[in-house]
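*Asks:* Structure incoming, see below.
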Amino acid sequence: MGGSSVRDGTLSLGDFVASAKALIEKWKGIDVDDSLPDWQWKSFCKMGVPSEEEGYLALEGVYNNHGERQVQSSSDSFHVYDYHVVYSFSYKVPVLYFQGHQAGGQLLTIDEIKEDLPSHSLKLLGESKWTFITREEHPHFSRPWFILHP
Amino acid sequence: MEAAAARPLQVAAIGVCAETGFWDSLRRLKLDVLGTDDSPIPITGYYTPRQYEKIASLFRICPESILPPSANSFGDRNNCPVPGTLLNTNNMRGFQNLDRALILRAEAKKILHDISSGNVEENPSLLLRFLVISFADLKNWKVYYNVAFPSLVFDSKITLLSLKFASSALSQEEVTSLSKAFIEWRKSSETTVVPFFLINITQDSTATVRHLKDWKACQGNGQKLLFGFYDHGNRGFPGWALRNYIAFVSLRCKIEKVQFFCYREKRGHPDLQQSLIGEASFLAPHGWDAPDYVPEAIGWEGETIGKEYKEMKPKEIDLSSINPASQDEEKQLMHLKLMGWRHFAVNLDKLSSARCLLLGAGTLGCEVARLLMTWGVRKLTVVDNGCVSMSDLVKQSLYTDKDCGVPRVTAIVPHLKERCSAVEVEGIQMEIPILGHNISASNAASVLDDCKRLQTLVDSNDVVFLLNETRESMWLPTLLCADKNKIAIAALLKYDSYLVMRHGAGPGIKGGGMDEVIAQIENLSTEDALGRQRLGCCFCSDIASLVNSEYTGTLDQHSTVISPGLTSVASGKAVELFARMLHHPDEIHAPGDIAGTDTEHQLGLLPHQMQGSLSKCVLSTVLCNSSSNCIACSNAVLSEYRRRGFYFVMQAINCPTHLKELTNISDLKKPFACSKISASIPVNLEKLSSARCLLLGAGTLGCDVARILMDCGVRKITIVDSGRVVVSNLARQSLYTSDDRDSPKASAILGHLKERCPSVIAEGIKMEIPMPGHPVSPNEAASVLEECKRLQELVASHDAIFLLTDTRESRWLPTLLCANENKIAITAALGYDSYLVMRHGAGPGTSRGNPDGDAAADKLSAEDALGRQRLGCYFCNDVVAPVDSVSNRTLDQQCTVTRPGLASIASGRAADLFTRLLHHPDGIHAQGEIAGTNSEGPLGLLPHQIRGSLSQYNLLTLLGYSSSNCTACSNAVLSEYQRRGMDFVMQVINEPTYLEDLTGITDLMKSAAYSQVEWIDEADDDEIDML
């Protein structure tokens, strides 16, 4: 992620914010799959006031026709994913939080998410159940999201 | 996509994504704020043009949607705010019965009004107004809902004249110019959220996007005018929004043909390849201008023409996936929140942060700890020095056979945790220093340690419960609490009487320029810190025996022999006192109320002391101020303690006479004198152990009654229940633990009874009790009939039946069967803060002189078999037949929200009433007695009904005779049952009003209604006269 390279693999908050904003700009320039929206920067609100510095990178509303890509998809056959990249102060790295829901709004369970994963990730998940995808409280909402373990 | 010919306009419906987060917010709002209020709520939905080539955009309803529109600033280019209405019903039946067609038309009427009033020009998103109906099932964490986008229906069809992709309908220059204009429109945060707009294209191919309100200026200027809107769809149809748009154009612009533009995007850029341009024609609708016109409307999601709305399937969302971790805790606290719906807003934060110190983990300690958890207390420290013994198991509600020999403080922790995982419990094993126990040189150090430790514990807690069995051991904690001004609640039991009291606040200091430290010692005020007279402690009223009672008392006093059920009653009251005190604005300084006085406080009276007796069925509230001679809380003692600290404490423990000198006690008064009945009452254990008891219901009441019955000596128990253990049961239903989750109560309870009393013979039956007013479908009829018969056999094979279910109608069949079989029936019923415990009267005898079988059925006597007037049953005062009392009610009524502790009190009384009845020589035929009269019975008073109120502190004993109009025990009903058997029962289950005809209630009501009408007329006349 971003351009800054640090020897031990960690990143400062400032670097994270800078590279996140760079990514947003770069993303706009490159031609990606049609079904991907743009990354956005979202400020962390404290008591309703958006913070100047703290925030997270969000890619929301990514559609996933699980399995085959049907053009004529009825409204319940696809899943919508939200991805947030949040800076973790304890690990000093960005962490990927994500959650998925059915088109109707029902949250996906880990088993349903598994079906959307590519096969090599699925294999990894089978090998190390608790170190790959876990469920943790999203630092900006008080709800658990799935995270990719850093 | 060249349109061949004119055809009816077809539009693509809008798909809705109602996110789990939204429903979770609604769940909280309903539980915490709305309560029983089910009026419509304004919400906001989020609309967006199509974003991806292959997928139609969804209309989002997200957590922000629930915010009041005035406080909701959320919205961006892909989230155009749209106003909507949410109708959330209180129960499933309400949801099913909503007139979907009618409310849709009412919403459509709003749209029509917004169009004709010109509101749409100012805020075009009003055209997309949406409607959500839902039932949020808070108990099961599910939501059922339907969404509609109301759309006005024209009298005649709208005709689509042409429809093309924008890129082919426009010239290259126009496309370029229009794209640029759209990018501008979408860039500005003000215009990007406006889903309806105008497109103006001049002769020289310059395109502009303008506000809808400019339509007059754009009309007829010779330029091309397109009515544009954000189109969510991805296919060759315009989106749903076009329909109301056309209604707007027709009504406001008064034209009959329109060119429209369906705006679609790709990766945040205008996609003119896929956007559509079309032309439609329509006839002006009739009568829409009339002010009271209600238009026809369509728009339910998934609606199919020709199908009844009632057949529309609700969508379902499961909320349990959103936050599994906090769910158990929320479920356990739900009944407290539900109290706020109608009665009293419980301060959960205050309760969960209150640190409670329980001195004693015995009979009272177990019960108080559990009830505190039910009140939402989450921080407990338990101090005790004993171990669990086999004989304790039936009395001390938390322990099981595995705990025998284990220190109580060790055993209690897992038992509390397995009922509520969020509770923090610490068990501390230590002796509480006892007044008057000689300290030898060898143990002086350890006693001093215990004193210091206790002081630290009192300091670090907010509330101290004195539940230790001897008064001598209450002295030091009382002193420490008075010193630190901590809330102290004491419960004292003696054979069949109890005293529950709160100690008064510590003394304040007199004003007058002294050094603070010295003033704390020398200048104690007789009043508390608020300048009020201090309330007394448990040593104030009897300055009594400082002498070591353990050695002088008899064996009975030593081992605190108490009647079964008394503990439950006393702990219920102690915990109630605690909860009330915590909610009182003055807390520890609150003055003591006396029963019978009025209070403005929502939780009811806050007395200082409560004294009650099971055998006399009395309850009195007592107010007594702090005594200046008190050996524990008087200023003399406190200043001595503050001056000399633990030296004084050690001296007092060693030699209590020192306290007498200090407080100038000259004469000794009698100790707490509730018990005048000697402790050696003949209890017929054999009678109790052979009595076969049938408990209907294994919930809060069922658990407590079963446990107390075992304590009384009952050994044959059959339990009937149809439910399963769920997490919200754990804190309230005393026997279950988290291991029992999802198992049937009827089987889970058996193990828990056995592990407390191995000799009990218990049987559990998982069965629904058939209820009137819950009609049975033909394919269920056989199984319900089976259940009726089974219940009949059960009643016949038992000696006493306890009616402990939570709906009125479920008590009907058992009441009838008991009256018919002449079995003892005991009802315990709970209201929010009051309870009823009663025994049903005996069944009717038969008239003499009719010995032959069948004829006897018609000759039921008005008296019982002993020729006495029959006592009434639970239904005798009713003037309507029992009906379905659940489906139409709000959640707090369905769950029978009661104050924690109430069930314990009622169960204690029920079990006590039973033992007394069993010992009465006439048994079921015993006459009802009223408190205050002298009683002959060996176990004290034997009332017919006991009604108690927690908030008013009344305890009434009532006597009512069987009514000839009773729907359950009257001779009319009984002889009908004897004649027709289960056919009659099944008929009543399907149509309870039959009972009203049978018993003559119908006629009674008619005459009552008639006289009532007359009365109202008279009242009206009076009013007119007065004017």
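The values are calculated or read from the model by the stated rules, or taken from the named source; none is laboratory data. Just so it is clear, the model here is predicted, and its values are computed rather than measured. No Cβ is skipped: glycine too gets one built from the backbone with ideal geometry, and neighbour counts run over all protein chains shown.
*Asks:* If you go through segment B:360-370 one residue at a time, do you hit one that is in contact (Cβ under 8 Å) with a residue 24 or more places away in the chain and within 14 Å of chain A (Cβ to nearest Cβ)? Show your work before the answer.
*Replies:* So in segment B:360-370, the residues in contact (Cβ under 8 Å) with a residue 24 or more places away in the chain come out as B:360-370.
Add one more test, that the residue is within 14 Å of chain A (Cβ to nearest Cβ), and what stays is none.
There is no residue in segment B:360-370 that is in contact (Cβ under 8 Å) with a residue 24 or more places away in the chain and within 14 Å of chain A (Cβ to nearest Cβ).
So that you can scan it fast, the table gives a plain yes or no per residue for (1) surrounded by fewer than 14 Cβ atoms within 10 Å (Cβ to Cβ); (2) in a strand (DSSP E or B); (3) polar (S, T, N, Q):
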residue: B:167; (1), (2), (3): no, no, yes
residue: B:185; (1), (2), (3): no, no, no
residue: B:193; (1), (2), (3): no, no, no
residue: B:197; (1), (2), (3): no, yes, no
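*Asks:* Residues to consider are B:222, B:278, B:302; find the one that is within 14 Å of chain A (Cβ to nearest Cβ) and either surrounded by fewer than 22 Cβ atoms within 10 Å (Cβ to Cβ) or touching a residue at least 40 places away in the same chain (Cβ under 8 Å) (or both).
*Replies:* Details: B:222 fails: within 14 Å of chain A (Cβ to nearest Cβ); B:278 fails: within 14 Å of chain A (Cβ to nearest Cβ).
Sole residue among the options that is within 14 Å of chain A (Cβ to nearest Cβ) and either surrounded by fewer than 22 Cβ atoms within 10 Å (Cβ to Cβ) or touching a residue at least 40 places away in the same chain (Cβ under 8 Å) (or both): B:302.
For every residue, the table says whether it meets (1) of a type outside the set (D, E, K, R); (2) surrounded by fewer than 18 Cβ atoms within 10 Å (Cβ to Cβ); (3) not assigned by the TED database to the domain that holds residue B:729.
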position: B:331; (1), (2), (3): no, no, yes
position: B:341; (1), (2), (3): yes, no, yes
position: B:348; (1), (2), (3): yes, yes, yes
position: B:358; (1), (2), (3): yes, no, yes
position: B:361; (1), (2), (3): yes, no, yes
position: B:373; (1), (2), (3): yes, no, yes
position: B:382; (1), (2), (3): yes, no, yes
position: B:396; (1), (2), (3): yes, no, yes
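*Asks:* All but one of (1) modelled with pLDDT of 80 or more; (2) not in a loop (DSSP other than H, G, I, E, B) hold for residue B:856, so report the exception by its number.
*Replies:* For residue B:856, the exception is condition (1).
*Asks:* For residue B:768, which of the numbered conditions (1) farther than 27 Å from residue B:821 by Cα; (2) touching an Asp or Glu at 6+ places or on another chain (Cβ under 8 Å); (3) in contact (Cβ under 8 Å) with a residue 40 or more places away in the chain fails to hold?
*Replies:* (1)
*Asks:* Oh, and also: Taking only segment A:18-35 into account, find how many residues are at pLDDT 70 or above and part of a loop (DSSP other than H, G, I, E, B). Before the answer, list the steps.
*Replies:* Filtering segment A:18-35 down to residues at pLDDT 70 or above leaves A:18-30.
Right, trim to part of a loop (DSSP other than H, G, I, E, B) and you get A:30.
Qualifying residue count, segment A:18-35: 1.
*Asks:* Shifting gears a bit: Determine which member of the set B:626, B:620 is surrounded by fewer than 16 Cβ atoms within 10 Å (Cβ to Cβ) and either in the same structural domain as residue B:336 (by the TED database) or closer than 26 Å to residue B:943 by Cα (or both). Step through it out loud before you land on a result.
*Replies:* Working: B:626 fails: surrounded by fewer than 16 Cβ atoms within 10 Å (Cβ to Cβ).
Step by step, each of B:626, B:620 is checked, and only B:620 is surrounded by fewer than 16 Cβ atoms within 10 Å (Cβ to Cβ) and either in the same structural domain as residue B:336 (by the TED database) or closer than 26 Å to residue B:943 by Cα (or both).
*Asks:* So, one more: Can you name the condition, by its number, that residue B:287 falls short on among (1) within 30 Å of residue A:28 (Cβ to Cβ); (2) without any contact (Cβ under 8 Å) to a residue 12 or more places away in the chain?
*Replies:* The one condition residue B:287 does not meet is (1).
*Asks:* If you don't mind, there's one more thing I want to ask. Looking only at segment A:76-99, count every residue that is among the small types (Gly, Ala, Ser) and crowded, with 21+ Cβ neighbours inside 10 Å and tell me the total.
*Replies:* Of segment A:76-99, the ones among the small types (Gly, Ala, Ser) are A:77, A:88, A:90.
Now drop any that are not crowded, with 21+ Cβ neighbours inside 10 Å, which leaves none.
Qualifying residue count for the region: 0.
*Asks:* Continuing with this model, one more query. Over 26 Å from residue B:326 (Cβ atoms) and either at pLDDT below 90 or surrounded by 15 or more Cβ atoms within 10 Å (Cβ to Cβ) (or both): which single residue out of B:462, B:392 fits that description? Walk me through how you get there before you give the answer.
*Replies:* On the way: B:462 fails: over 26 Å from residue B:326 (Cβ atoms).
When all the criteria are applied, what remains is B:392.
*Asks:* Ok, one more. Has segment B:258-268 got any residue that is over 52 Å from the mean Cα position of the chain (by Cα) and among the small types (Gly, Ala, Ser)? Can you show your working first?
*Replies:* Looking only at segment B:258-268, we keep the residues that are over 52 Å from the mean Cα position of the chain (by Cα), and these are B:258-261.
If we keep only those that are among the small types (Gly, Ala, Ser) as well, we get none.
No; the residues of segment B:258-268 include none that is over 52 Å from the mean Cα position of the chain (by Cα) and among the small types (Gly, Ala, Ser).
*Asks:* Quick check: anything in segment B:24-40 in contact with a Ser or Thr (Cβ under 7 Å, 6 or more places away or on another chain) and closer than 26 Å to residue B:274 by Cβ?
*Replies:* No, there is no match, as no residue in segment B:24-40 is in contact with a Ser or Thr (Cβ under 7 Å, 6 or more places away or on another chain) and closer than 26 Å to residue B:274 by Cβ.
*Asks:* Name the pairs: first residue in segment B:950-961 and in a loop (DSSP other than H, G, I, E, B), second residue modelled with pLDDT under 85 and of a type in the set (S, T, N, Q), Cβ to Cβ under 6 Å, at least 6 apart or on different chains?
*Replies:* As it stands, the answer is B:953/B:621, since those pairs meet every condition given.
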